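Scroll down for the structure; my scribbles are underneath it.
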Amino acid sequence: MDVAIVGIGIHPFGRTPSRSGLQQGAFAARLALQDAGVEWKDIQFAFGGSASSGSADALVNELGLTGLPFINVANGCATGGSSLISAYNAIKSGEYDLGLVAGFDKHDRGAFNADPKELGLGEWYGEVGMMLTTQFFAMKIQKYMNDYNISENTLAKVAQKSFINGSRNPNAWRTEPIGVEEIANSMMVNNPLTKFMFCSPSEGGVALILSSADKAHTYTDTPVYLRGATMKSRRFGSFEVFAPSQALQQVDGPTVDASKAAFEMAGVGPRDIDVMQLQDTEVGAEIMHMAENGFCEHGEQEALIQSGETRIEGSMPINTDGGCIANGEPIGASGLRQVYENVLQLRGQAGDHQVPDDPKLAYTHVYGAPGISAVTILQR
Amino acid sequence: MSNQVPIAEGLFTWPSKNPALLGSRCQDCGIATFPVSESCSACSGQNVVVEELPGHGTLWTWTIQQFMPKTPYKSGETPETFEPYGVGYVELPGGVRVEGRLTENDPAKLAIGMNMEVVFEPYRTEENGDEVISFFFRPAA
Ligand SMILES: [Zn+2]
């Protein structure tokens, strides 16, 4: 049974002091229900996740106690992607034909606080100051720049594009364009990455309504079909966050594995994709994920970015809603924001940040600690 | 003379005249890992033996931590006394790439591929006066 997305809802990302994370999730869920023209009592099952705003299944207190099975998902930055895959499989199995996926969060300011024990690491690892995801991203791009001649100016250009796209998206957090000079000269966080090259923890909520493909047209005139949905964890030898050591022989990371599996499942290739949302915890991640997802060869990013190909009007539009850099990262909601954006793009409803020429195929990719990745391929 | 204690048991030989990082090597597939693990994450086997890792290697990648991390960071520093520090992976020949703090925090003095050596130095002082020893990588000739 094929699966379609028939309703979408979002609570604007950023800072909303007047609403809890849970309320932002409920706000998004109500919009998604309205978008699909269904009521909460029609929903047969739900998957959802939140990292620091309580259990996602507490949404039933806001939306109504209907007795539906609501399963909480916790998978770091891949929480949204994991919820979506779970819901996809539930419908594909034939067990259900209408479900909800929700993700929301509300984080404190500043870098995330990771606990070594939760990842099976010794306390010494945190005590000496290595329990920081930002260091991993900085070290990975540092090595990559050395191996493939990516310039510091290209790092800044990626952030510049994110802020431009954010300024065209009314639901983004950062809505002011920032120049390359200002980005490059902002406070150094982890060399070679400056403050404006990183995303920050933020707030927001996203919800999606999924149905079996054969019923999709009863809910919407513009169903978007899930052609591929995959999730992978790291294999031995891939270079990952929170690793006290790394094998001498390096293998492809979970992004490469999830991407290949998704393309195979969808029966399409990277050249067929019209718009893509790639995990951009910082600018280096976006650059490396372009190649890891198969959209270019390693090293080609320098020319592609310098010539503007990754902009909304370019040949491979990336993070058209401003990505994590302009939206911040509410962990539970972040992966679903990418899907929300792609559904808007495929429906032709993205307004000022709409990719021209009627995009037909869209791609999402998330990556998170301690080395997991999820990919979806959507088609209208 | 203050008492010197290692930051964690089993991470490196201590006390020792020639201290060394301790890894484990799988006897079935030959893969080494740091710190010591009871199983091999390459082949899932449990036939592993503890060994001393080489003390010299080359810098594989690096960064500088420019802001003071929140807990669980425990260096004895305050926001006023905090000094940025280097972090990197050092490739130890025949062994594994080990992540560690660097003694150098000037980006101009660090480059991928440079020679590095492991050193064991005081990291912080406990309330009871004990000096906590940790490992660092230092640029070498
Ligand atoms: Zn083995």
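The values are calculated or read from the model by the stated rules, or taken from the named source; none is laboratory data. Small disclaimer: the values here were computed from a predicted structure and weren't measured. Positions of Cβ are generated from backbone atoms using ideal geometry, with glycine treated the same way; all protein chains shown enter the neighbour counts.
Here's the yes/no breakdown for (1) crowded, with 22+ Cβ neighbours inside 10 Å; (2) under 28 Å from A:D147 (Cβ atoms); (3) modelled with pLDDT under 95:
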{"site": "A:E329", "(1), (2), (3)": "yes, yes, yes"}
{"site": "A:G332", "(1), (2), (3)": "yes, no, yes"}
{"site": "A:R347", "(1), (2), (3)": "no, no, no"}
{"site": "A:A362", "(1), (2), (3)": "yes, no, no"}
{"site": "A:Q379", "(1), (2), (3)": "no, no, no"}
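Tell me which residues, restricted to segment A:97-139, are over 28 Å from A:G204 (Cα atoms), more than 7 Å from chain B (Cβ to nearest Cβ) and at pLDDT 95 or above.
A:Y125
Tell me, yes or no, whether segment A:22-32 has at least one residue that is buried (at least 23 other Cβ atoms within 10 Å of the Cβ), under 30 Å from A:E118 (Cα atoms) and either within 19 Å of the chain's Cα centre (by Cα) or free of Cβ contacts under 8 Å to residues at least 12 places away in the same chain (or both).
yes
Take the residues of segment A:175-195 that are within 14 Å of chain B (Cβ to nearest Cβ) and assigned to a loop (DSSP other than H, G, I, E, B): which is farthest from B:T61 (Cα to Cα)?
By that ranking, first place goes to A:S186.
So A:T134 fits all but one of (1) crowded, with 19+ Cβ neighbours inside 10 Å; (2) in a helix (DSSP H, G or I); (3) touching a helix residue (DSSP H, G or I) at 6+ places or on another chain (Cβ under 6 Å); what number is the exception?
Among (1) crowded, with 19+ Cβ neighbours inside 10 Å; (2) in a helix (DSSP H, G or I); (3) touching a helix residue (DSSP H, G or I) at 6+ places or on another chain (Cβ under 6 Å), A:T134 violates only (3).
When you scan segment B:9-31, how many residues do you find that are at pLDDT below 95, hydrophobic (A, V, I, L, M, F, W, C) and under 27 Å from A:M139 (Cα atoms)?
Summing the residues that are at pLDDT below 95, hydrophobic (A, V, I, L, M, F, W, C) and under 27 Å from A:M139 (Cα atoms) in segment B:9-31 gives 1.
Out of the residues in segment A:34-55 meeting the condition of being under 12 Å from A:I209 (Cα atoms) and polar (S, T, N, Q), tell me which one is surrounded by the fewest Cβ atoms within 10 Å (Cβ to Cβ).
Ranking the qualifying residues of segment A:34-55, first place goes to A:Q34.
Among A:V73, A:V128, which is aliphatic (A, V, I, L, M), farther than 30 Å from A:M265 by Cα and touching a strand residue (DSSP E or B) at 6+ places or on another chain (Cβ under 6 Å)?
A:V128 is the lone residue from the list that is aliphatic (A, V, I, L, M), farther than 30 Å from A:M265 by Cα and touching a strand residue (DSSP E or B) at 6+ places or on another chain (Cβ under 6 Å).
Filter segment A:119-141 down to residues that are over 19 Å from B:S134 (Cα atoms), aromatic (F, W, Y) and more than 19 Å from the chain's Cα centre (by Cα), then give me how many there are.
Within segment A:119-141, residues that are over 19 Å from B:S134 (Cα atoms), aromatic (F, W, Y) and more than 19 Å from the chain's Cα centre (by Cα) number 0.
Do we have A:V38 as of a type outside the set (G, A, S) and either modelled with pLDDT under 95 or touching a helix residue (DSSP H, G or I) at 6+ places or on another chain (Cβ under 8 Å) (or both) here?
No, not satisfied.
Listed here are the residues, each with its yes/no results for (1) more than 21 Å from A:T194 (Cα to Cα); (2) out of contact with any helix residue (DSSP H, G or I) (no Cβ under 6 Å at 6 or more places or on another chain); (3) of a type outside the set (D, E); (4) without any contact (Cβ under 8 Å) to a residue 12 or more places away in the chain.
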| position | (1), (2), (3), (4) |
| --- | --- |
| A:M276 | yes, yes, yes, no |
| A:Q279 | no, no, yes, no |
| A:I287 | no, no, yes, no |
| A:M290 | no, no, yes, no |
| A:E309 | yes, yes, no, yes |
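Answer with yes or no whether A:S202 is crowded, with 18+ Cβ neighbours inside 10 Å, touching an Asp or Glu at 6+ places or on another chain (Cβ under 6 Å), more than 25 Å from A:Y144 (Cα to Cα) and away from chain B (no Cβ under 14 Å).
So A:S202 fails the test.
I'd like the residue in segment A:151-174 that is in a loop (DSSP other than H, G, I, E, B) and of a type in the set (K, R) and, out of all such residues, is nearest to A:I325 (Cα to Cα).
Per the stated criteria, the residue is A:R174.
Does B:G30 fit the bill of being within 16 Å of the ligand (Cβ to nearest atom) and either touching a helix residue (DSSP H, G or I) at 6+ places or on another chain (Cβ under 7 Å) or within 11 Å of chain A (Cβ to nearest Cβ) (or both)?
Yes; evaluated as a whole, the condition is true for this residue.
Being among the small types (G, A, S), within 12 Å of chain A (Cβ to nearest Cβ) and surrounded by 16 or more Cβ atoms within 10 Å (Cβ to Cβ) is true for just one of B:A42, B:A108. Which residue is that?
Testing whether each residue is among the small types (G, A, S), within 12 Å of chain A (Cβ to nearest Cβ) and surrounded by 16 or more Cβ atoms within 10 Å (Cβ to Cβ) leaves just B:A42.
Of all residues in segment B:80-104, which are closer than 18 Å to A:T134 by Cβ, within 10 Å of chain A (Cβ to nearest Cβ) and crowded, with 17+ Cβ neighbours inside 10 Å?
Scanning segment B:80-104 gives B:Y85, B:G86, B:V87, B:G88, B:Y89, B:E99, B:G100, B:R101.
Can we say B:Q46 is among the polar types (S, T, N, Q) and free of Cβ contacts under 8 Å to residues at least 12 places away in the same chain?
yes
With under 18 Å from the mean Cα position of the chain (by Cα), within 12 Å of chain A (Cβ to nearest Cβ), assigned to a loop (DSSP other than H, G, I, E, B) and more than 16 Å from the ligand (Cβ to nearest atom) as the only criterion, which of B:E77, B:E9 stands out?
After applying the criteria, what remains is B:E9.
Step by step: first the residues of segment A:243-254, then only those that are modelled with pLDDT of 90 or more and in a loop (DSSP other than H, G, I, E, B), then the one that is farthest from the chain's Cα centre (by Cα). Which residue is that?
Ranking the candidates gives A:A247 first.
Pairs under 8 Å by beta carbon, first residue more than 14 Å from A:F104 (Cα to Cα) and in contact (Cβ under 8 Å) with a residue 24 or more places away in the chain in segment A:58-82, partner surrounded by 15 or more Cβ atoms within 10 Å (Cβ to Cβ) and among the charged types (D, E, K, R), six or more apart or different chains?
A:L63/A:R30; A:F70/A:D57; A:I71/A:D57
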